[in-house]
Each structure stands twice: as structure tokens, then as C-alpha cells.
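Below you'll find the structure, written out as C-alpha cells, and then a few comments.
Nothing in this text is a laboratory measurement; each read-out follows from the coordinates by a stated rule. Only a predicted model underlies this, so the values are computations on that prediction, with no experimental measurement involved. Cβ sites come from the backbone with ideal geometry, for glycine too, and all protein chains shown count toward neighbours.
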Amino acid sequence: MSTFTDVYPQSAARHAVPTVAIRGLQTVLGTAWHAVATVNRWRETARQRRHLAALETHQLADIGISAEQARREAAKPFWID
């Protein structure tokens, strides 16, 4: 059985996607995925710090941290781990 490239070799070559283009697309998509993951991590960190700042002293004692430790952690920017 013949394949398309056997019957029309010039057409197949003309319509083939270059490997470089595919690798470039993979790089762009990988970078975009990494950016989305980073933003999601930042949002989660900010959410956790807001919740930590809202805890009362007895709740902080239950989890084993002082009010000062909680204040310092909550005051950190979201992009700092």
C-alpha cells in the first residue's frame, strides 16, 4: 500500500512542519506553563499568609508558632518562599 509521501513526495516535503518549529513551540508552551504555575504558587502563598495573619493567639499556639513569628511570615511578599 502506498502512502501519501510515496505518491506525492514534493507535496509532503512542502507541507512538513520543520522540527525547529515544533521545538520552538514546545519551548513557548513550556515557558507559558511555568509562568502559570508560578503565578498559581504566588496566589496560594498570598492566601496562606492572609489566613495566617487572621489567626488569633490561641490558634497560633495550637499550631506551635508565636504571634511574632506569624506576623513576620505574613508580612513577607508573596514571591518570597
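Using label points projected 7 Å from each Cα along Cα→Cβ, tell me how many nm separate ALA21 and GLU56, to one decimal. My value for the distance between the label points is 6.4 nm. In this label model, ALA32 and ARG72 are separated by 4.2 nm, measuring between points 7 Å along each Cα→Cβ vector.
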